[in-house]
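**Q** To start, I am sharing the structure in question, which I have written as structure tokens.
The values are calculated or read from the model by the stated rules, or taken from the named source; none is laboratory data. If you're wondering where the values come from, they're calculated on a predicted model, not measured in any experiment. Cβ coordinates were reconstructed from backbone atoms using ideal geometry, including for glycine residues, and neighbour counts include every protein chain displayed.
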């Protein structure tokens, strides 16, 4: 028998819906350079770790600014499209641990034009990368926000005999609230 009250159960449902919406907002904000939207979903001291060899940032304003960088603008002009899968959410009080995939797609300029009945013709898209993400969210007075976004477990094949894949434990931090209410991230033991 479930020992949670109706109010507690409703809060869990509301938390999950808010987190689903937050995760779903990432692709359109990234693909349209909506720095204001990107900044708004991170904590002030948020961390965006894209993994080895890719630019990351610390602080919500710096994270939002990535969408305005020349390189990101060039990717958008080339048809950048982020696609997420449904996230797995672990709620733990005022922290949430969210695991999901992001596919990064772009138009395939090198492909031949193909016809799809009732949908026109296209050269199609190329999957540039598929990344397993582990994000730590914090409940704030303004709702759920991203404290740490680890986007470093690429499913790309290893290059030159080296794997850029970090073990899950390296990108799956747990967090605890400090006495000041700030989220502290600690590695799994």
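**Q** Within segment 17-53, count every residue that is without any contact (Cβ under 8 Å) to a residue 60 or more places away in the chain and in a loop (DSSP other than H, G, I, E, B).
**A** So the count comes out to 3.
**Q** Can you find even one residue in segment 141-160 that is out of contact with any helix residue (DSSP H, G or I) (no Cβ under 8 Å at 6 or more places or on another chain), surrounded by fewer than 16 Cβ atoms within 10 Å (Cβ to Cβ) and modelled with pLDDT of 95 or more?
**A** Checked against the condition, which is being out of contact with any helix residue (DSSP H, G or I) (no Cβ under 8 Å at 6 or more places or on another chain), surrounded by fewer than 16 Cβ atoms within 10 Å (Cβ to Cβ) and modelled with pLDDT of 95 or more, segment 141-160 yields at least one hit.
**Q** Separate question: Considering only residues of segment 106-118 that are surrounded by 12 or more Cβ atoms within 10 Å (Cβ to Cβ) and assigned to a loop (DSSP other than H, G, I, E, B), which is nearest to the chain's Cα centre (by Cα)?
**A** 108
**Q** Right, another one. Quick check on my filter: what residues within segment 73-105 are free of Cβ contacts under 8 Å to residues at least 40 places away in the same chain, outside any strand (DSSP E or B) and surrounded by 15 or more Cβ atoms within 10 Å (Cβ to Cβ)?
**A** The one that is free of Cβ contacts under 8 Å to residues at least 40 places away in the same chain, outside any strand (DSSP E or B) and surrounded by 15 or more Cβ atoms within 10 Å (Cβ to Cβ): 75.
**Q** Looking only at residues in segment 36-53 that are in contact with a helix residue (DSSP H, G or I) (Cβ under 7 Å, 6 or more places away or on another chain) and buried (at least 19 other Cβ atoms within 10 Å of the Cβ), which one is farthest from residue 143 (Cα to Cα)?
**A** 48
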